[in-house]
Amino acid sequence: MKKSNDDLLNEETLITVEHHNKVNKTILFDFIDEKHFNRFLENYALPFDNLNNASMIMFLDFSCSKRFQLGVYYNIKASIAELLGEAEIQRDSDIILFKINAKGRDIREFIVASKLSAQYIHESNEDGRNNSPEKTFPKLGASVSKGRLTVKCVGQGSWNEFVFDGNVRVVYDIGTSYLHSKQTVKNLMSLRDLDYQRSRPIIVLSHWDVDHYHILLEASDETIGSVKAFVYRSVVPNKTSKKLITRFQNLNPNALCPVQEEPPPFGKQASDQLKKIYGVKYGFHIFNGSKNRDRNKSGILLVVKTHTQVIVLGADFYYEQINKYVLPSFNYKHDHYLIVPHHGGEAGKFIYENLNSICKDAIISVGGKYSYNHPLFDVEEELRKKKFHLINFKTKNSPFEYNLFLH
């Protein structure tokens, strides 16, 4: 008899790919939830104090007979026990629990695709609520004439703040490299804890990649309790992201604002389409991604529009998506700024044509030790062809600031 999804869910130890660096031969997995993480610990009798509550596993120096895919769920095989004896516990990380050196062996000996329906797991991770950001987002055009955008310099990560009337009103992404130590991340957050407690900002998360929310894991309890709204994709995909949601549930449940993916058009299973779900004449505009196996394509995109400026915060979206679904909404003469998608890495074919404006700065949020060869040379060349002025954080140690004029 064929086993049901419920039976398989109780048998398999499920993980999902969080990052795969083909050049450095590293791959990062996380467990889908606490239950599967605990099953892993119990199955292999791993006695240690996980003080940081980390759960991701990084494999190094492996071969791979079949490539791993984002949005696919995998099962850890019992043969993993062969490698765990030499696993290196990462006591200084709040993200990574183990580093495992596979010593050239095929990683598919230890990790195989799940027999479970991906749709079933996807739905199991869905926060059933669906809130509109419209109720919580500030309508800046009527009450505020100017402000400031600060693009933080955090290495391989994304952190952007909007300040109006001296208060941090909106934060779009708040992350840094998953390889940074717990103390490094804590130090970054401690620089802003008091300001956030005073300002009570809205935090918008583009998608659940850890380099877009890592810093928030080290926010103080007082800061989590002060957040006015936390806007995020309602499918919470793994134990690390669920750890953050649990903190909000315990400290500030009314701030949670999950936003469901848009249903794909024409009965399709997936789509690259973005839909505007919020916008005012001068101020913030939110575009919501459709259901897609690729998290990068299905997140929440933010744009700021003023009388003379448009700033597209590209997160990890693809250029074709921004060109087709975002730029046509801003077809007027303006100075155009772009926070370059995916830290200047691979974001599909470079198409950026629906633009009736002067290209100003293209900010590449990357740098430090863990930049993974970002930005790509081809991406930089395409941006220059569009007459963007490139600001590469790889050669910059301080944040970049813009004045915003709403009237």
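Structure data summary
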{"quantity": "Share antiparallel - DSSP beta bridges, the chain, percent rounded to 5", "calculated": "65"}
{"quantity": "Dipole of the chain, positive direction: furthest Cα of L327, L205, V231, with charges on the beta-carbon", "calculated": "L327"}
{"quantity": "Cβ-placed point charges (K, R +1; D, E -1), dipole of segment 133-405 about Cα centre in debye, nearest 20", "calculated": "380"}
{"quantity": "Rg(Cα) / (2.2 N^0.38 Å) computed for segment 6-115, rounded to two decimals", "calculated": "1.00"}
{"quantity": "Amide H contacts under 5 Å for I202, placed H, 5+ residues apart", "calculated": "V170, V171, K228, A229"}
{"quantity": "Footprinting exposure proxy for L355, L217 (fewest neighbouring C-beta atoms within 10 Å first)", "calculated": "L355, L217"}
{"quantity": "Mean separation of Cα contacts under 8 Å, 6 or more apart, over the residue count of segment 243-370: relative contact order %", "calculated": "17"}
{"quantity": "Neighbour-count order for H20, H342, H307, fewest beta carbons within 10 angstrom listed first", "calculated": "H307, H20, H342"}
{"quantity": "Gaussian network model of the chain, springs between alpha carbon atoms under 10 Å - residue of L383, L41, L70 with greatest fluctuation", "calculated": "L41"}
{"quantity": "Principal axis box of the chain, alpha-carbon based, largest edge first, Å", "calculated": "63, 45, 44"}
{"quantity": "Value at 222 nm in deg cm²/dmol, rounded to 500, when DSSP H runs of n ≥ 4 in the chain each add -39,500 (n - 2.57)", "calculated": "-5000 deg cm²/dmol"}
{"quantity": "Sequence-separation-based contact order of the chain, relative, with Cα cut under 8 Å and 6+ spacing, percent", "calculated": "14"}
{"quantity": "Globularity index of segment 240-305, i.e. its alpha-carbon radius of gyration over 2.2 N^0.38 Å", "calculated": "1.33"}
{"quantity": "Ranked T176, T16, T150, criterion: other C-beta atoms within 10 Å, fewest first", "calculated": "T150, T16, T176"}
{"quantity": "Choice from P258, P328, P375 with maximal GNM fluctuation in the chain (Cα, 10 Å cutoff)", "calculated": "P328"}
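Read-outs: derived from the displayed coordinates by stated rules, not from any lab. This one's a predicted model, so the numbers in the text were calculated from it and none came from an experiment. A quick note on method: Cβ atoms are made from the backbone with ideal geometry, for glycine too, and the neighbour counts reach across all protein chains shown.
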